[in-house]
1. When Rg is the radius of gyration of the Cα atoms in the range B:50-109 and Rh is its Kirkwood radius, what does Rg/Rh come to?
2. Determine which chain B residue has its Cβ at minimum distance from the rotation axis mapping B onto C, giving the value in whole Å.
3. Please report the antiparallel percentage of the DSSP beta bridges confined to the range A:19-163, to the nearest 5.
4. Of B:Arg238, A:Arg181, B:Arg98, which has the most accessible area with a 1.4 Å probe, and how do the rest follow in descending order?
5. Sort shortest first the distances from C:Glu4 to its counterpart in every other copy, using label points 7 Å along the Cα-to-beta-carbon line, and give them in nm.
6. Report the Rg/Rh value for the range C:151-196, based on alpha-carbon coordinates and the Kirkwood definition of Rh.
7. Largest first, how would C:His66, A:His85 line up by accessible area (1.4 Å probe)?
8. Ignoring everything but the protein chains, give the 1.4 Å probe accessible area of B:Lys124 in square angstrom, nearest 10.
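The values are calculated or read from the model by the stated rules, or taken from the named source; none is laboratory data. Note that the structure is predicted; figures quoted are calculated from it, not measured. Because the Cβ atoms are built from the backbone with ideal geometry, glycine has one as well, and the counts that use them run over all protein chains shown. Keep in mind that these areas ignore ligands, DNA and RNA; they rest on the heavy atoms of the full protein, side chains included. Shrake-Rupley method; radii C 1.70, N 1.55, O 1.52, S 1.80 Å.
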Amino acid sequence: MMKECLEQVRTQVPLVHNITNYVTVNDVANVLLACGGSPIMSDEAEDVEDITSVCGGLNINIGTLHKTSIEGMYRAGRKANELDHPVLLDPVGAGASRLRTETALGLMKELRLAAIRGNISEIKTLSAGSGTTRGVDADVADAVTEENLDAAVEFVKGFAREAGCIVAVTGAIDLVSDGSRCYVICNGRPEMGKITGTGCQLSGIMTAYLVANPDNRLEAAAAAVCLMGLAGEIGWSRMQEGEGNSTYRNRIIDAIYNMTGEELEKGARYELR
Amino acid sequence: MMKECLEQVRTQVPLVHNITNYVTVNDVANVLLACGGSPIMSDEAEDVEDITSVCGGLNINIGTLHKTSIEGMYRAGRKANELDHPVLLDPVGAGASRLRTETALGLMKELRLAAIRGNISEIKTLSAGSGTTRGVDADVADAVTEENLDAAVEFVKGFAREAGCIVAVTGAIDLVSDGSRCYVICNGRPEMGKITGTGCQLSGIMTAYLVANPDNRLEAAAAAVCLMGLAGEIGWSRMQEGEGNSTYRNRIIDAIYNMTGEELEKGARYELR
Amino acid sequence: MMKECLEQVRTQVPLVHNITNYVTVNDVANVLLACGGSPIMSDEAEDVEDITSVCGGLNINIGTLHKTSIEGMYRAGRKANELDHPVLLDPVGAGASRLRTETALGLMKELRLAAIRGNISEIKTLSAGSGTTRGVDADVADAVTEENLDAAVEFVKGFAREAGCIVAVTGAIDLVSDGSRCYVICNGRPEMGKITGTGCQLSGIMTAYLVANPDNRLEAAAAAVCLMGLAGEIGWSRMQEGEGNSTYRNRIIDAIYNMTGEELEKGARYELR
């Protein structure tokens, strides 16, 4: 199944409209190309409707919010909904500021989302309608572990039902649920947390996967998570003496560029609950 | 000739003012340093006139347009014209949205451009005064090929005459014309299309080449195109097992950093029509 | 002492709020992670007070100023002052435009800064209350050299007293003073000037060092400068045939990622005047 999801992306070359932060935007563009998609970025309110119309999906990331780009998010999202394009929300830093939390909650309310992808703190914030996050990283106290896995799975399933879309919570253990089923994914390396933007990159990839696999969205979202984690493992295995997080960033994107459907199928480590 | 163009850049270290998109801006800055120039970025309307005054040329790229940066483009462009600095326009995504098309056409009308650099779809859009583009990549149907080369050369020559400036259309085959002569350039690798921003990078380099070679602008523009393509070839030849588009991006900039005039002269593959 | 400064950062993982330019922001984020800190970026006026409140320090960089982000700088700065968080100012391009010069001077006047870090032209501009800078690079005529070192040390000490904070002037020789003492630092490589943003990166690191070493701020600022320079030396020693400024950028961040307190202590080359 994951093999097919990957291959659909490479075959269809889905064009993804990204309204994203200026910190990690270059990596998001390169990783979209690496996975077989094609990126376009635009956040100006007067530009976004035209741009999203020529695309297949929309990736909204609130990492460096501007008042002006918020309007662009709403306008692009409504147009994408009208055209029935999948819309993904990455609520970066929800819980860390009122503006971010309110914007994420407002977008959830106003738009029909296909997926939400964030860390556990951000997702808890959205679930609670408020909260606290330590910067853009998940609260360690909130991490999904073997010990609290059952509760975490129930929480994510519940929130996916509430939100009416796929919810992906990423961390040491990743959870991807549509409300009834939940993928529990163990790919990845802890060192990925020392690279800025691996979450943003995953959101870009996941949007491309959702576009190219309209009939298997849960599997597609899970495949995107496995792909990112597996690329993190492959990239790490290629690290040489003296290399650090900057080279690791390149090696992960390189691994995504070279990933085949067979390798993803074989390397994905997950169970379905 | 290309050797001299490259060496002039390395000797003069032209300072280039870039109003460019936030996706590829870091690569544009690094590639300007790699080729021997020096970059400065500023798009705030109240800042750009001062900044462009201390520079030698202006590179305008409409990749992530904001209403506020559009005003900056006009103000910087007028000041650069007043100071007789070369101004280059990179109409990223012209044809994909009304705002981009109108902004590119407006800048063409209002400013005295030294050069326009884009893919064939974008250039056709400007030529037609309207059009359709698939995202930021050229329409495959529009690609310049051996089959339609004669017609493409005539089209580019004609548009360069109309626009009153050098026009560079880049793709598998690159065309660079001032309206009477046209360089047909075959350097490059198809894999360069899997890196975000090679076009934006080329526009930055080309601006530096125009600044440093005021008496040979057509040759300078062609030399910049050959440099980028040749660097793509050299970078590709250094790729190792497991590497992909992220490392390739680094290797291309590295190749530009190390390029000598002799290597460019020897490696440039073109004919003049 | 430098060893302790580095280890405090790795132990405390200081969260740094960055209001910085969109050119080098990704490298600033990755280098903050590499040195042991954690980055968050936000420049929207309505977002910055909340964000800076969850952080330990604030790094203000005026590299690509927008009218809207200037308000964010003031609001974040006042809040950080209220919370007694260290605030660093990087006056990129001060002297190159009226807006940049006035903004830098205005921030100096309005905020209680812990440190200012810039090249000699920028610092002279702030000292004079006006000036001229060649783009974002220091005027060669103004470079700190063995010949003018005594005068330069006196100048930096004097400006640090005037400004009431630590002043770091970086170049071939780096000077870091609190007004009474001055570190004269000789780490680094000239090739670092061919990478965009090594100064911006250093400002990010220095902010993290200031946060984590509240009782030894001068030493912490000097340790950050030595770290960056030493990483430039280590990164350069690992360069291979055919590599250039793009790979060098990665190797420097990698070297910071791998740096231990012992290596920094041993590799730091400085004298205290």
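1. Over the Cα atoms of the range B:50-109, Rg/Rh equals 0.97.
2. With distances in whole Å, chain B gives B:Tyr22, 3.
3. About 10 percent, rounded to the nearest 5.
4. Numbers: B:Arg238 60, A:Arg181 85, B:Arg98 135 Å².
Sorted descending by solvent-accessible area, the residues read B:Arg98, A:Arg181, B:Arg238.
5. 6.4, 6.4
6. 1.05
7. The ranking, largest first, comes out as C:His66, A:His85.
8. 80 Å²
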